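The values are calculated or read from the model by the stated rules, or taken from the named source; none is laboratory data. All figures in this text were calculated on a predicted structure; none of them were measured in a lab. Glycine also receives a Cβ, built like all others from the backbone with ideal geometry; neighbour counts cover every protein chain displayed.
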């Protein structure tokens, strides 16, 4: 990850707004140079990190701005794979033995500079050249490059620009993200990074997630928290229709930073993500196949409406929207235990989601509730604000759409 020193030369301020000068390549002059750097890294495989870093630094004579090269080099090193030399774990033991021998034979006799090494090697039952090789083998710069980054120059350019954004957010007091889709990836990235967050509606089908930044008043280990926040940026850049607004601590002032999708950080569109389960895929296929092209005015989207429940973010599997403005959520429960189902229903009841259809598969139950030898959970329907639809193990869109018609509500009526 880039540091503040890597982005500071490319920050501009105007009327309390921060802007980052991304590295662009409209005339295809930067990417050929990046291709040379990638080739150089491959040639240096097997060499110590210090040698690799020095090899990249020596390319300064080929660039106009060494500050850009410094950031690109750090990006390359962060993407490379390094490994400690074999036997590096013995380095502290070897140093202790060598220094002990030096101390016992001090002052050294002229011409016997190697004697402490030989004595230490004998005591450690190692060849003398191994003492030389492993003496500082645990130094961070001694790790060996085992695999150079395997990516195109265009991807390297994008990763560098993403690094500039990450460096800006190291001083964020608060980060706000708005999006109308892609919440599956956003929620997953936020949870994996364990970031402090809240969720609120932003009008229409959009939602806003508010994240505490590394410079927030309650963050103690800011460097570690900043590294976690940085993980969100690549995940966000792969989506569409989002916006990021941040408050940045800048000395004794707070400045604003705004980021929107831009070609400098956005990759080409890849394949749509697969469904998380066969049941999700079956439901989507049944919807498109059986309802026909008109679909009675309904459209089906996957995991795009996050809901805040009891301090957590709940992301229903599907959202059904009608052209008249009504909306319903569908959540599938696959394998379940009575305890898991009771906990889920309790949260849904507390949230009051009267426009949610809970789809449960009887055949996927992995336990029986106490006092219910028949395994009947039919009375659970009264516990949910919306509706419950039961299936044995195969989902059918007909009963689900009937429940959707009964539970769907106009989006604006829910605030």
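Here are a few things to note about the model shown:
- Selection status of residue 50, assigned to a helix (DSSP H, G or I), in contact (Cβ under 8 Å) with a residue 24 or more places away in the chain, in contact with a helix residue (DSSP H, G or I) (Cβ under 7 Å, 6 or more places away or on another chain) and closer than 23 Å to residue 10 by Cβ: no
So that you can scan it fast, the table gives a plain yes or no per residue for (1) in the same structural domain as residue 47 (by TED's automatic domain parsing); (2) more than 29 Å from residue 40 (Cβ to Cβ):
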position	(1), (2)
59	yes, no
75	yes, no
78	yes, no
94	no, yes
130	no, yes
135	no, no
159	yes, no
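- Complete set of residues in segment 10-22 that are out of contact with any strand residue (DSSP E or B) (no Cβ under 7 Å at 6 or more places or on another chain) and modelled with pLDDT under 95: 14, 15
- Search result, residues across segment 207-221 that are more than 20 Å from residue 244 (Cα to Cα) and within 20 Å of the chain's Cα centre (by Cα): 219, 221
- Scanning segment 231-245 for residues that are in contact with a helix residue (DSSP H, G or I) (Cβ under 6 Å, 6 or more places away or on another chain), outside any loop (DSSP other than H, G, I, E, B) and either at positive phi or free of Cβ contacts under 8 Å to residues at least 60 places away in the same chain (or both) returns 232, 235.
- Residue that is assigned to a helix (DSSP H, G or I), within 26 Å of residue 327 (Cα to Cα) and either touching a helix residue (DSSP H, G or I) at 6+ places or on another chain (Cβ under 8 Å) or free of Cβ contacts under 8 Å to residues at least 12 places away in the same chain (or both), where the choices are 188, 224, 228: 188
- Where residue 183 falls short, out of the listed (1) under 17 Å from the mean Cα position of the chain (by Cα); (2) within 28 Å of residue 12 (Cβ to Cβ); (3) crowded, with 21+ Cβ neighbours inside 10 Å: (2)
- For segment 344-359, a residue qualifies if it is over 14 Å from residue 313 (Cα atoms) and either in a helix (DSSP H, G or I) or touching a residue at least 40 places away in the same chain (Cβ under 8 Å) (or both), and the qualifying residues are 345, 346, 349, 354, 355, 356, 357, 359.
- The number of residues in segment 61-82 being within 18 Å of residue 10 (Cα to Cα) and touching a helix residue (DSSP H, G or I) at 6+ places or on another chain (Cβ under 7 Å) comes to 10.
- So residue 325, is it at positive phi, surrounded by fewer than 18 Cβ atoms within 10 Å (Cβ to Cβ), at pLDDT 80 or above and in the same structural domain as residue 398 (by TED's automatic domain parsing): yes
- Only one of the listed residues (258, 253) is surrounded by fewer than 19 Cβ atoms within 10 Å (Cβ to Cβ), modelled with pLDDT of 85 or more, out of contact with any helix residue (DSSP H, G or I) (no Cβ under 6 Å at 6 or more places or on another chain) and within 24 Å of residue 1 (Cβ to Cβ). That residue is 258.
- Residue match in segment 274-296 (condition: modelled with pLDDT of 70 or more, under 22 Å from the mean Cα position of the chain (by Cα) and assigned to a loop (DSSP other than H, G, I, E, B)): no
- Which numbered condition residue 86 fails, given (1) at pLDDT 90 or above; (2) touching a helix residue (DSSP H, G or I) at 6+ places or on another chain (Cβ under 8 Å); (3) farther than 18 Å from residue 41 by Cα: (2)
- Any chance residue 128 is without any contact (Cβ under 8 Å) to a residue 24 or more places away in the chain, over 40 Å from the mean Cα position of the chain (by Cα) and closer than 30 Å to residue 146 by Cβ: yes
- Selection count, segment 204-220, where residues are within 16 Å of residue 169 (Cβ to Cβ) and either outside any strand (DSSP E or B) or not assigned by TED's automatic domain parsing to the domain that holds residue 175 (or both): 5
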